[in-house]
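J.: One structure, as structure tokens, below. Some questions next.
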Amino acid sequence: MQNIIITGGTGYIGSHTAVALQESGFKVVVFDNLSNSTTDSLYGIERITGTRPEFVQIDCTDLSALRDAFSRHSDAVGVIHFAALKAVGESVQRPLLYYRNNLVGLMNVLLCMTEFEIPSIVFSSSATVYGVPETLPVTEDTPLQPATSPYGQTKVIGETIVRDCVAANPKMRATLLRYFNPIGAHPSGFIGENPSGIPNNLMPYITQTAAGIRPILRVFGNDYDTPDGFCIRDYIDVNDLAAAHVAALNNMLSGTDGVSTFNLGTGRGYSVMELIDAFRDATGVSVPYEIVARRDGDVPAIWADATSAAKVLNWRAKVPLSNTLQSAWRWQINSGEKKS
Ligand code: NAD
Ligand code: UFG
């Protein structure tokens, strides 16, 4: 069985990817400092797959501890590096925290991979690297725009760091995955997104409002230059996203060298209002909302051209939006029961 190290593996996307990897026959080792997650997700992964991944509580910015952990898992054939802080607004308030955590963490992981000769890395990038795109949908060749937040900058710079390391080391290979808007949960309801405090993102805000935890959803702006005036995003099911990581890893393990970059989205954009309506249609629950001013830094519209991932990785988003919304709602109900 081939071993894979997943940094940030107790988090939202990491835990779903751990399930997908275990179901594809990989052995998973999770490295996480639990700054934005708990070990509950390991229990969820075990309930779904029958196997609890090995867990190492570790901070990727601590090089000596990381080196020690890598030395004990030097038989790993690849690393999926999810570990990062991701709150855009907080990154504007605390830029050094974000640059240090996201970039020092990444550099330490790359250093350990070089020292222990682990060749393949998947790096979690983001559609945020496209900024406000001039044409839609965006392909991987769409020019990158200056990032609008320190968080976004860590993805732009992170991609560059990975590319430079691969250029300098012919034994190393990498896949940069640019996620659009991941939503939903595992259909079992055993793992899902667990935002601490008030959610920044639309989907958990919708489900928490539907559950009565938040009184009302604030919709940011209805005067955009889009068909219905609301912002448009490409919402991708987290299980589809997880499957893409397995495909990316297999692509490298089967010998693809250098750096590959893929957009991970559905290729279809939905406006905020379309998503609210789709949630009502999928779950039967109407979410109270009010329209307020635009949120600073929001891109009016972005969705992916994901044909490259289809051609090269044979990967496509498959889960219908209604199923994704139902899984998000199921997870919300389950996590509410756990808390009460
Ligand atoms: P998450 O917060 O649920 O998971 C990230 C995990 O990394 C958490 O468990 C956290 O405890 C851990 N972590 C953070 N810093 C660490 C460190 N220094 N050492 C060890 N562990 C650390 O977030 P997620 O939504 O699963 O995101 C995973 C990755 O995908 C991140 O790199 C994020 O930037 C990227 N991404 C997320 C989205 C999104 O909307 N969720 C979109 C684009 C890109
Ligand atoms: N929105 C609301 N009300 C809310 C929350 C969001 O109307 O309470 C709207 C936003 O204005 C935006 C849309 O819902 O139009 C989506 O917003 P999210 O915050 O869910 O997602 P973003 O597209 O702003 O950003 C997300 C991640 C970033 C990542 C980006 C691209 O938060 O980390 O996707 O991948 F960079």
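The values are calculated or read from the model by the stated rules, or taken from the named source; none is laboratory data. All values derive from a computational prediction rather than experimental measurement. Every residue, glycine among them, receives a Cβ derived from its backbone with ideal geometry; neighbour counts consider all protein chains shown. Note: areas computed on protein heavy atoms with side chains; ligands, DNA, RNA excluded. Shrake-Rupley method; radii C 1.70, N 1.55, O 1.52, S 1.80 Å.
J.: Take the Cβ-Cβ distance between Arg47 and Asn314 as r, set R0 to 22 Å, and report the resulting FRET efficiency rounded to the nearest 0.05. The partial results should precede the final answer.
T.: Details: r = 29 Å, r/R0 = 1.33.
It comes out at approximately 0.15.
J.: Could you tell me what percent of the accessible area of the range 25-167 is made up of carbon and sulfur, with a 1.4 Å probe and every protein chain present?
T.: Numbers: 3310 of 6350 Å².
Heavy-atom surface of the range 25-167 belonging to carbon and sulfur, 1.4 Å probe: 52 percent.
J.: Counting residues in the range 259-340 as N, plug N into 2.2 N^0.38 Å and put the Cα Rg over that result.
T.: Details: Rg = 16.4 Å, N = 82, 2.2 N^0.38 = 11.7 Å.
That ratio works out to 1.39.
J.: On to the next question. Output the 0 to 90 degree angle, nearest 10, between the alpha-carbon long axis of helix 238-253 and the longest principal axis computed from the alpha carbons of the chain.
T.: Relative to the chain, helix 238-253 is tipped by roughly 20 degrees.
J.: In addition: Can you give the accessible area per residue of the chain, in Å², using a 1.4 Å probe? Kindly include the intermediate steps, with their values, before the conclusion.
T.: On the way: 14680 Å² over 340 residues.
Dividing the accessible area of the chain by its residue count gives 43 Å².
J.: Here's a follow-up. So what's the range 154-251 giving for Rg/Rh, alpha carbon basis, Kirkwood Rh from the mean inverse pair distance? Working shown, then result.
T.: On the way: Rg = 18.1 Å, Rh = 16.8 Å.
My calculation puts Rg/Rh at 1.08.
J.: Rounded to the nearest 20 Debye, what is the dipole magnitude of the chain about its Cα centre when Lys and Arg each give +1 and Asp and Glu each give -1 at the C-beta?
T.: Numbers: 26 positive and 33 negative charges, 88 e Å.
So the dipole magnitude of the chain works out to roughly 420 debye.
J.: Between Ser71 and Ser322, what length in nm is gained on full extension when 0.36 nm per residue of separation is reduced by their alpha carbon distance?
T.: Values: separation 251, 0.36 × 251 = 90.36 nm, distance 4.42 nm.
Stretched out fully, the Ser71 to Ser322 stretch lengthens by 85.9 nm.
J.: Here is a follow-up. Stick to Cα atoms and the Kirkwood definition of Rh, then tell me Rg/Rh for the range 183-340. Please report the intermediate quantities before stating the final value.
T.: Values: Rg = 17.0 Å, Rh = 16.9 Å.
When Rh is taken as the Kirkwood radius, the ratio is 1.00.
J.: Across the chain, how many lysine pairs, 8 or more apart or on two chains, come within less than 28 Å at their alpha-carbon atoms?
T.: For the chain, qualifying lysine pairs total 13.
J.: Expressed as a rounded percentage, what relative contact order does the range 230-340 have, with Cα pairs under 8 Å and six or more residues apart?
T.: Working: 115 pairs, mean separation 45.3, N = 111.
Rounded, it is 41 percent for the range 230-340.
J.: Taking Rh as the Kirkwood radius computed over C-alpha pairs, what is the Stokes-Einstein D of the chain at 25 °C in a medium of viscosity 0.890 mPa s, expressed in µm² per second?
T.: Values: Rh = 20.3 Å.
The estimated diffusion coefficient comes to 121 µm²/s.
J.: Dipole size in debye (nearest 20) for the range 192-340 around its Cα centre, Lys and Arg Cβ +1, Asp and Glu Cβ -1? Intermediate results must be reported in sequence, preceding the final value.
T.: On the way: 13 positive and 16 negative charges, 90 e Å.
Dipole size: approximately 440 debye.
J.: Using just the alpha carbons, could you tell me how many Å³ per residue the convex hull of the range 45-196 encloses?
T.: 142
J.: Mark the label point 7 Å from the Cα of Arg163 along Cα→Cβ and return the residues of the range 247-270 whose backbone N is within less than 16 Å of it.
T.: It comes to 258-263, nothing else.
J.: So, one more: When the accessible area of the range 226-307 is computed with all protein chains present and a 1.4 Å probe, what percentage of it is carbon and sulfur? Intermediate values should be presented prior to the final figure.
T.: Numbers: 1540 of 3190 Å².
So the carbon and sulfur contribution to the accessible surface is 48 percent.
J.: Now for a separate question. With a/c under 1.5 counting as rounded, go ahead and sort the range 4-101 into rounded, prolate or oblate using the C-alpha gyration tensor (a ≥ b ≥ c being the square roots of the eigenvalues; past the cut-off, prolate if a/b is larger than b/c, else oblate).
T.: Working: a/c = 2.28, a/b = 1.42, b/c = 1.60.
It comes out oblate by the Cα gyration axes.
J.: Another question, then. Pulled fully out, how much extra length does the chain show between Asp298 and Leu253, if you take 0.36 nm times their separation in residues and subtract their Cα-Cα distance? Before the final figure, lay out each step's value.
T.: On the way: separation 45, 0.36 × 45 = 16.20 nm, distance 3.74 nm.
Roughly 12.5 nm would be gained on extension.
J.: At what distance in nm do the modelled label points of Leu34 and Thr226 sit from each other, each positioned 7 Å from its Cα along Cα→Cβ?
T.: Placing both labels 7 Å beyond Cα along the Cβ direction yields 3.8 nm.
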